[in-house]
1. What figure in square angstrom, to the nearest 10, would you give for the accessible area of residue 797 with a 1.4 Å probe?
2. Step through the residues of segment 42-51 one at a time and calculate ³J(HN,Hα) from phi using the Karplus curve (6.51 cos²θ - 1.76 cosθ + 1.60, θ = phi - 60°), rounding each to whole Hz and writing x for Gly and Pro.
3. Averaged per residue, what accessible area in Å² does segment 64-163 show with a 1.4 Å probe, protein chains only?
4. Give the distance, in whole Å, between the Cα centre of segment 97-170 and the Cα centre of segment 466-483.
5. Please work out how much accessible surface residue 639 shows to a 1.4 Å probe, ignoring ligands, DNA and RNA, in Å² rounded to 10.
6. Would you kindly derive the ³J(HN,Hα) couplings of segment 482-494 from the backbone phi angles with the Karplus curve 6.51 cos²θ - 1.76 cosθ + 1.60 (θ = phi - 60°), listing them in order in whole Hz, with x for Gly and Pro?
7. Principal axis lengths of segment 34-185 from Cα atoms, whole Å, largest first?
8. Taking amide H positions as placed in the peptide plane 1.01 Å from N, state which residues far from residue 79 in sequence (5 or more) or on other chains have amide H under 5 Å from it.
Amino acid sequence: DVGCVACQKAGPRGMVNWEKVNPDNAVDPLPFPFSLIDEVIEEILEEVGDQVDLIEKKKRCPEYEFALPEAHASSFVQVPGRIACAYVEPRGTARMALGTSEGEALLVDSRKGEVVAHAHPFPQLEPVTCVSICSESAYQEVFAGPGIDPPALPAPQMKLFAGGVTTPKILVYNIQKESFGVVLKPACAIHLPEAEETERPVIEQLHTRGVIGGVWVVALLPDKTVRVFLTPLGEPDLDEEANVVLDTPIAEGDEDDEEGEDEDGGPAEEFANALQVNTAMYSFSLTQLAPMRHLPMPELDTITLTVFSPRPRDGAYGVGVSAGQVPTLCFASSVESNAILAHFIPSPAPLVAPTGLELDELLMKEIPPHGLLPDPEMTKELQPRRRWSMPAKTSAVAVAPNGGIFAVGGCQGSLALVNTAGGPSLRTMLPGHYGAINALTFHRDKILVSVGADCFVHQYCMQTDTLLARHLSSPPPEPVVVLGASACQAMSLAMTLDSEGSLRLWDIKRGGKIARMTCESSPEEPKATEPAENEDGEGTTPKPVIKLEQDETPKLLLATASSFCAICMSMGAEDPPDPDGPDPENPDADGAEASPDGEEGDPGAQQDRSWLVFFDQVSVLKKLFPTLAPKGDLTKAFEALSKEELSKLQPQGELSTMEKAVALSKKKPPEDPNRSALQTAKTKDRTRLTSRGRSGKLDTSNIMIAKLTAENLRKFAAAQAAQQEATGGAKKASSFGSGGFARSATLKTADRQKADEAITPHGVPRNWQVSVRKQLRKGLSGKDTRQARIQKRLDQLKKEVGGE
């Protein structure tokens, strides 16, 4: 009965009955032009509806981020000045180091979300342009004699390295825990060779790598050479009371002497009694980084050094002879060249006694102290062990946390893998991007994430060297280019940063976006009027709601063991002088304001500030998926989820326009006023009882809506007059009792039929659309014949006009 429609007929006592009519047997006398126009409009609306439905379905795809939730930052740390450099260990520890334009070297704990230690390494607030931290070194075992066990040595202290702009030194601090917190104590000073005075800083790049017996410090200098220093670890703290702070009495004059030293020499004077390293152990040049033999070497700003050591994730070092078998690798690349250079830095040699000693002299020789190294007599030159020529210029590089895989991305989208665990060799070429690869990052040694200028994010499996997933970085039709990416080592999560400063959280195990991140504090946090409580239940100062300025956008993205960190900076320049402001020669004039400290303020320095915005991984997942492991281990629960289970936990979003229309069509329309107007008072009550039923809702399924036309308006006016006449006749008949009502019903039968025809909302017969459809089919059936006839007539006219 799909082809049947409902038809309205007048029943006894003005009741309206419905019956099904076959539309093929109905005749619609609507004129042909109107029927054709109506049919064309109906088809256009149907096609528009289909297109709207298709667009709505596309917009609900994951690429359009229709139901993508938004996550807020977990904590903020404000840093004065601009952040000049930042470093996080590749294995993903909770500590990160920062260097600022105000001359500070900061140590930040990402778990606490605060600065735990800071120092001013160089005098006169010299900016810190290079920082690094290292915690992977170990003391070298020394043979104490036959049958004598070597003493159990503790792990070396974590070290922080800092380099400045003009001071030719690399200062090394020991990160030591005290009873009152973490402090930076001077450990060693590395002296760089004197260079010609240039506008460039004395150190272009600084990299560190821990080994058995020391820490390799690799520095790229302005003379386009690389110097490798071996930094001693310092003597181990074997005494249990080594870290206890003793109350040493201060003699008179000591305090004044210390103040005088600070004024004359500055903070660097505290390294006078520290270990000194004056000579580099190795040195090598990067001249072979040029694309061809006779071409110039790339500029220093375009060179990237990558220093790493292939070793397993759980076991950092070998024991005995095997500890010195794994060298440290230094790969050099440039965005102006397609060449990749690989240098091998041999492991430090074991400590042995000098040659030529007699047995008695050898037995009388003292055991060399732990953690101390002699200065090398001369610097050895290293030559590159491997040189690869890639298909295009190198645009991005990355190394796996275990150092076994080195990835190289090209400016034309090529992606190569170099196997470094069994000796540097080209492993494979992966399916790349349609544009330059902007960033590469590894999740352990299992997944490689790449982002390109084609606005796509790729995820590769390192076990099978295949493409796992490929997604747009932002919604179409104009996606935004991704500039940076960083992957977490504890969970299968990654975060990307695009050119508009937007951050997105990715699931790199199952593939797809999880949330859109914003550098604002969550509105759910307690406001200034709501006191917060700490773990002891005591009241603490509430955290204010933080919102960054419009120009404070993310510039760099890092990943630690517990959270992602977005570095947001405001590059404010000094404001031009105001012509209507105070006279600089008369500072006491109106409008001149002194600084709170009584010193002249620097407008540029006041505007420059930076923010560390932390996104704690566990807290973000708890807010996005509240039902996921509310009491258990969220990390294990998240890793065990399948793609279908994760999609069910994610919000589904609002209904589309078509779905809303379908849901609205299932609702019943309002009651027809024409139907109730024809009924008498008694009939109205009976209809209300039968239509409402027990539910109390009106039965409005038999309602027809008339179109607003001039003919319908005329019919509506006639229907109103007929309604008033029928209502008046019913009132007169009711005054004669039951007999009069019967006679009135008999006598007014013809009048009621006329009233029914007048009240009908359409001035045309029912189901006139059937006739429109027939007329349209009839008109379309002869369309080809008419077009052929018209074309023939046009060709004839052309011949006549052209004279052919």
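The values are calculated or read from the model by the stated rules, or taken from the named source; none is laboratory data. All values reported here derive from a predicted model rather than from experimental measurement. Heads up, the Cβs are rebuilt from the backbone with ideal geometry, glycines too, and the neighbour counts pull from every protein chain shown. To get the accessible areas, we keep the full protein, side chains included, count just its heavy atoms, and leave off ligands, DNA and RNA. Shrake-Rupley method; radii C 1.70, N 1.55, O 1.52, S 1.80 Å.
1. Looks like 70 Å² after rounding.
2. These are the phi-based 3J(HN,Hα) values: 5, 5, 4, 5, 5, 5, 4, x, 5, 5 Hz.
3. Working: 4050 Å² over 100 residues.
Roughly 40 Å² per residue, with all protein chains present.
4. 39 Å
5. For residue 639, the solvent-accessible surface is approximately 50 Å².
6. Taking θ as phi minus 60°, the curve returns 8, 9, x, 8, 8, 10, 7, 9, 8, 10, 7, 10, 9 Hz for segment 482-494.
7. Here the spans come out as 109, 51, 31 Å, largest first.
8. The list, which skips near neighbours in sequence, is 610, 611, 612.
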